[in-house]
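The values are calculated or read from the model by the stated rules, or taken from the named source; none is laboratory data. Keep in mind the model is a prediction, meaning the values are calculated, not measured. No Cβ is skipped: glycine too gets one built from the backbone with ideal geometry, and neighbour counts run over all protein chains shown. Just the protein is used for accessible areas: all its heavy atoms, side chains included, with ligands, DNA and RNA removed. Shrake-Rupley method; radii C 1.70, N 1.55, O 1.52, S 1.80 Å.
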Amino acid sequence: MELKRTDANNQMEFPFPFEPYNIQQDFMRTLYAVLRDGKLGIFESPTGTGKSLSIVCGAIKWLKDHNQQMKQDFIDKITLLENEKQMYENQESDWFSAQSKGIKITQKLNELKIKEKKLLEYEDKIEKIKNQKEEISFKFKKLHKSNTHSPVENLEPEDTSKIEDEELLLDEVSSNEKEHSDEEENEDSNASYDPTQIIIASRTHSQLSQLVGEIKKSPFGENVRVVSLASRQNYCINPSVRKLNNVTLINEKCLDLQKKKKNQVKTDSEGKVIKKKKISECMCPYYKQSNIEYLRGFALNQIHDIEDLIQVGRDVNACPYYTSRKAAEDAEIILVPYNTILHKSTREASGIRLKDNVVIIDEAHNILESLAQMYSSELSYPQLYYSLQALKCYKKRYNTLFSAITLRGLNQLVFVVNKLLALFEQDFKEEVTEILSLQSFMLSTGIDQYNFFNIIKFCKSSKLAQKVRSYSIKFPLMEETVKVMPKNGVQDFLSSIGAKKPAATKPLESPKFPMPTNPMLAVISFLECLTYSYEDGRILVTKNLEKQACKLQFLLLNPASNFSDIINEARSVIVAGGTMKPYAEFRDRLFIGAGACEDRILEFSCDHIIPQENILPIAITKGLKSEKLLFNLANRFCMGASLITILQRTCKLVKGGIVVFFPSYNYENWIYEQVKNIDFGRVMFREPQKCGSVDEVLEKYAATIKKSRNGAIMFSVVGGKLSEGLNFSDDLGRCIMVVGMPYANIKAADLKEKMSFLDKKEGQGAGQQFYENLCMKAVNQCIGRAVRHRNDYATVLLLDERYSRSNTQNALPDWIKRSLKVAGGEEAFGLIVKFFEEKNKQS
């Protein structure tokens, strides 16, 4: 039954699936106000407090109210202007002035009525989609019956030798900028109504699936249009494409299938061929517009996650990827992974519109690090080497067929890649990493004279990466005897060699390293980084004894610069998470750093819903033999015996699941080798190496705990696959143990440069604070895996004497810090015994 809670201050009613907690009411009320006022919000709500459901109910409630209010505003404004116009028309004293004002009012009225008409047309469109629900379901059943076999089961593998030279030529780039701007202007004037949408982003697809579940559970589940966007790698259902198992190859193959050409043959009455011509036809059997349209209606009428849409797409032979993109145009809620909204190129390619929409980024504790990673780039020596060879061979073969503009772009690119490769020509005696500003790097390599905005535009408009890769597949990399295509056309060339024996070719000397997958994409990505502000990034040049280990890296030091589009275009932006400390990082480095005014930013934080007696956090500073616990890099391999005794005692005292987080994969593996033959009285599980195996391992872990009297133990890694977005509630996580403090390698060149950058920009000490925050944010995520609801309980053991430091404790969540005990081994385990005895009495 739907329960509503009325806020005492403003009588705001929030539909909710059950009686909400006070903190949930406060969360929704504050979220509603931020969205209404077009502000920027930093929201902290501890894991287990119903944050996702509060976001869903608060945001959708605002959206429904906003749409209704906007429609009413149109009516009110039109009525007001019509009355005003009538008043001026009735004035006889100053006819000329009245007519002049009347014309201006009429102009405003017409503009409003055009907007109102678009709104009404859009509402009619949505109403038709709703009314088609039963019809679409019937058509799906009919399609499902007729598509019992996969249409691609018997597809033959593509013969790359049949790729024709016309398909390999670069798309010509237009130089007429005015023509494009005029077209865009006309498109804008004729544009249909753009509805206000809420775009919700999270880190992983599993977290987005959880959000889908929360929306279904909410009172809005039957009255909201929700679409999940994902990459082709996630959505593609064509077996011949999916088997490529590489996102780049999948994208290219999908696009290739859409532009394939086939011969259309006309014959006379006697069957003789009288005409041949090539026509474009999509070769993917799932890219059928009628089926995609049906699936789109299905997606908008029912809430689906990615797996649901994939299954239905298979049933009816419709592409889920293009269906989701088409359905997103009319969705009220769009769910996307981080990179889809944060990375500009990906966002634009996905067709996501920011203007006047709401962006909510959940699990945003690492958003700055994610932005820096997305916009950083790495270019290896093998990628440079093979790119240069492919470009040279490609240019030599088709040189005479290109326009002057295309040839100039190719020549510039060859020159630049050649200069970058020259950095690694000499032999090096040891590994050295040089750090350069963008300006110094471009001057030292001799490429500063080029406009990289134009180069990037040329590469993308001409589809250079795809064309050169297709060429490399069809022809081996050879330069000395590449046949030059004559200017009078490809067919003349083919006929000229038809009766001749091909000349012997001498392939380029093959290096000892394998050819990377489409290395040109890495080159273009790196060159795009050279267009960023000189102050915001650095170039790391790594020279190594082994050529294949040489590389170029672009390090983005100020990720907020790439967040400014979102801040400036979106109506409102919310970053939310279970632990958002320190708030200043989001306020200053993210929002203000992206150009936001301080008075536009609002912070919200609430306490945990669990009673204080349901959580026992202990900083264990000494082992069971009173030896100090210090798991830093220098000491951790000497602490094996101490850790093993602590693990044995914990397994003896704690029934249910014990999750142990180690500071690194290397240390987890070392400890596992020490304990694999020890009987802990319970089954031991380890974090899997492959992401695809996580669900399987977790299911086995949960099943073991359910049937075992003692429980199970899980070895995991801080920052690994099990440290974020997973739920170890109740018996799955009665004890969370964090071994040591997961500090990053402070000697790493990129980290040292980032810390130095912050010290210069924000003052001495800012870099060290950033270093500390990286560690503690990772620890806090591990802690948040347990205690997921009001009646849950667990102990959290922080194994390291450094957890007794006041600055470290201040970085812990408030609900942990207020209950934190600092104790040695025997004293700590005495507290654990007492804690679980009390819980056993209550149960």
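Residues Trp62, Trp670 ordered from highest to lowest accessible area at a 1.4 Å probe: Trp670, Trp62. Note on the stretch 606-672: with charges restricted to the Cβ of Lys and Arg (+1) and Asp and Glu (-1), its dipole about the Cα centre is near 340 debye. Accessible area per residue for the stretch 194-256 is 39 Å², calculated with a 1.4 Å probe on protein heavy atoms, without ligands, DNA or RNA. For a 27 Å ceiling on Cα separation, which of these pairs sit above it: Lys344/Lys690; Lys707/Lys841; Lys118/Lys326? Pairs exceeding the cut-off: Lys344/Lys690. About the centre of its Cα atoms, the stretch 673-801 shows a dipole size close to 280 debye [charges on the beta carbon of Lys, Arg (+1) and Asp, Glu (-1) only; nearest 20 debye].
Sorted on the mean count of surrounding Cβ atoms within 10 Å across their residues, most packed first, peptides 414-424, 654-664 read 654-664, 414-424. Sorted largest first by accessible area at a 1.4 angstrom probe radius, with every protein chain in place, the residues Met755, Met714 fall in the order Met755, Met714. In the stretch 638-740, the portion of solvent-accessible area held by carbon and sulfur atoms comes to 47 percent [1.4 Å probe, whole percent, DNA, RNA and ligands not counted]. When each of the peptides 211-220, 14-23 is scored by how many other beta carbons lie within 10 Å of its residues on average, the order from highest to lowest is 211-220, 14-23. Dipole check for the stretch 777-827: with +1 at the C-beta of Lys and Arg, -1 at the C-beta of Asp and Glu, and the Cα centre as origin, the magnitude is about 300 Debye.
Taking only protein heavy atoms and a 1.4 Å probe, the accessible area of the stretch 798-843 is 45% carbon and sulfur. For the peptides 831-838, 317-324, 223-230, 455-462, the ranking by packing is 317-324, 223-230, 455-462, 831-838, with the highest mean count of neighbouring Cβ atoms within 10 Å listed first. The string of couplings for the stretch 670-681 from the Karplus curve (6.51, -1.76, 1.60, θ = phi - 60°) is 5, 5, 4, 4, 6, 10, 4, 9, 8, 8, 8, x Hz, one whole number per residue in order, with x for Gly and Pro.
For the stretch 300-381, trypsin sites (Lys or Arg not before Pro) are listed when DSSP marks them as loop and at most 16 other Cβ atoms sit within 10 Å of their Cβ; the list is Lys355. In this view, the solvent-accessible surface of Thr517, computed with a 1.4 Å probe and all protein chains in place, comes to about 70 Å².
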